[in-house]
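Down below is the structure, laid out as structure tokens.
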Amino acid sequence: MKTILIAGGAGFIGSSLSKVLLEQGNKVICVDNLYTGSIDNIKGLMHHENFQFINHDIIEPLDLNIDEIYNLACPASPVHYQKDPLYTIHISYMGTYQLLELAKKKRATFLMASTSEVYGDPHVHPQKEDYWGNVNPIGPRACYDEGKRISETLTINYNLTHKVKTKIVRIFNTYGHNMDKEDGRVVSNFIVQALKGDSITIYGDGSQTRSFCHVNDMVKGLISMMESDDDVTGPINLGNPVEYTIKEIANIILSKTHSQSKIDFLPLPQDDPIKRKPDISKAKLELSWEPTISLDEGLNNTISYFKKILDGKITEGK
């Protein structure tokens with residue numbers, strides 16, 4: 001049995017990761033200040049004998065006996081990370097620093113969950129890990145983009161300077177159960193709007209592209225990275241390489257929900273990426289990982305989840 005700390009463990013991806021790691025026989029310590037995470041996401045885990053929840057902001061030091069650390073603690077959608085950009089920057093730097101200090105002290109393996117946002121509005125397509133990105137350092141998305149870039153820099157330098165076992169993944173668009181219905185992400189927005197009969201809001205003309213990975217596949221990728229050989233430090237892209245336009249996603253969801261919602265086209269926000277698609281050759285080679293859940297299957301499950309939320313049959317996260 002390993003003792004595993006998941007920072008941001010009450011969040012969308014973190015809660016699913018917590019559940020799987022518990023099922024594998026580990027002790028899981030979920031650390032979350034509930035800034036964007038929710039107790040509802042981990043309600044079903046609270047009585048598990050090997051699960052512990054600590055309400056804590058990771059910008060403050062922690063002293064726990066652990067074997068592994070997953071750092072997923074950061075607001076991840078524009079609605080949340082732009083709400084308080086200074087806090088987003090602070091948690092990206094100081095939160096990562098505090099967890100790396102803990103990893104150094106306890107000789108734990110540290111996994112940094114970075115993001116495809118480090119590629120900005122890319123000039124290279126699909127995006128490979130050796131692409132340095134096209135990020136506006138003073139734009140409205142920079143608090144997150146640059147925050148994650150400094151998190152990566154901190155992580156690799158703890159590896160080089162202090163010999164901490166570190167790993168970096170870059171997470172591309174992810175969807176599925178435990179998403180916040182009001183977090184402003186494409187899939188959750190479109191599904192909730194379609195189910196409620198509200199207008200589907202597309203920013204731009206809908207020709208911009210994204211690639212969507214189901215959260216169950218993403219969790220497998222994270223665990224595969226943590227369990228990889230010590231010399232596999234990353235960064236490694238984790239995402240689904242099948243690319244769709246935003247308008248295609250909207251029409252697929254409208255069809256699946258049998259919704260009569262209309263589509264409203266609104267101005268594209270500043271610095272919003274036009275294309276986003278991972279090259280996952282490195283993940284296939286070094287982790288033997290690639291997504292297996294199709295968009296069709298994943299959307300069916302996610303629509304069913306949000307139907308239950310909106311009907312009041314379950315609370316978010318159940």
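State yes or no: is residue 75 out of contact with any Gly (no Cβ under 6 Å at 6 or more places or on another chain), open to solvent by less than 70 Å² (accessible area, probe 1.4 Å) and under 27 Å from residue 305 (Cβ atoms)?
Yes: the conditions hold for residue 75.
Would you point out the residue of region 116-156, among those that are crowded, with 19+ Cβ neighbours inside 10 Å and aromatic (Phe, Trp, Tyr), that is nearest to residue 97 (Cα to Cα)?
In this case the residue turns out to be 144.
What tally of residues in region 100-116 results from selecting those that are outside any strand (DSSP E or B), within 18 Å of the chain's Cα centre (by Cα) and either charged (D, E, K, R) or within 16 Å of residue 167 (Cβ to Cβ) (or both)?
Selection size over region 100-116: 0.
From the set of residues in region 267-315 that are modelled with pLDDT under 90 and open to solvent by less than 50 Å² (accessible area, probe 1.4 Å), which is farthest from the chain's Cα centre (by Cα)?
So the residue we want is 314.
Here are the criteria: (1) in contact (Cβ under 8 Å) with a residue 12 or more places away in the chain; (2) within 30 Å of residue 112 (Cβ to Cβ). Tell me which single one residue 231 does not satisfy.
(1) is the only condition that residue 231 fails.
Residue 194 is checked against (1) surrounded by fewer than 23 Cβ atoms within 10 Å (Cβ to Cβ); (2) touching a residue at least 24 places away in the same chain (Cβ under 8 Å); (3) over 17 Å from residue 111 (Cβ atoms) and fails just one. What number does that condition carry?
That leaves (1) as the condition not met.
Considering only residues that are in contact with a Leu (Cβ under 7 Å, 6 or more places away or on another chain) and open to solvent by 30 Å² or more (accessible area, probe 1.4 Å), look in region 202-241 and name the one that is farthest from residue 166 (Cα to Cα).
203
Between a residue in region 279-295 that is under 17 Å from residue 126 (Cβ atoms) and of a type in the set (Phe, Trp, Tyr) and any residue that is in a helix (DSSP H, G or I) and open to solvent by less than 60 Å² (accessible area, probe 1.4 Å), which pairs come within a Cβ distance under 9 Å, given they are 6 or more apart or on different chains?
289/217; 289/221; 289/224; 289/225; 289/283
Looking only at residues that are more than 18 Å from residue 130 (Cβ to Cβ) and among the charged types (D, E, K, R) in region 157-171, which one is surrounded by the fewest Cβ atoms within 10 Å (Cβ to Cβ)?
Checking each candidate, the answer is 163.
Is it true that some residue in region 151-168 is small (Gly, Ala, Ser) and at pLDDT 95 or above?
Here is the first cut: in region 151-168, the residues small (Gly, Ala, Ser) are 151.
Remaining after also requiring at pLDDT 95 or above: 151.
Yes; the residues of region 151-168 include at least one that is small (Gly, Ala, Ser) and at pLDDT 95 or above.
Search region 11-29 for residues that are open to solvent by less than 10 Å² (accessible area, probe 1.4 Å) and pair each with any residue that is part of a helix (DSSP H, G or I) and not aliphatic (A, V, I, L, M) when their beta-carbon atoms are under 6 Å apart and the residues are at least 6 apart or on different chains.
Listed by first residue and then by second, the contacts come to 15/41; 28/18.
If residue 95 meets every condition in (1) open to solvent by 30 Å² or more (accessible area, probe 1.4 Å); (2) assigned to a helix (DSSP H, G or I) apart from one, which number is that one?
It fails just one condition, (1).
The values are calculated or read from the model by the stated rules, or taken from the named source; none is laboratory data. What you see is a predicted model; the values in this text were computed from it and never measured. Quick reminder, even Gly has a Cβ in these numbers, built from the backbone with ideal geometry, and neighbours come from all protein chains shown. Heads up: the accessible areas ignore ligands, DNA and RNA and are worked out on the full protein's heavy atoms, side chains in. Shrake-Rupley method; radii C 1.70, N 1.55, O 1.52, S 1.80 Å.
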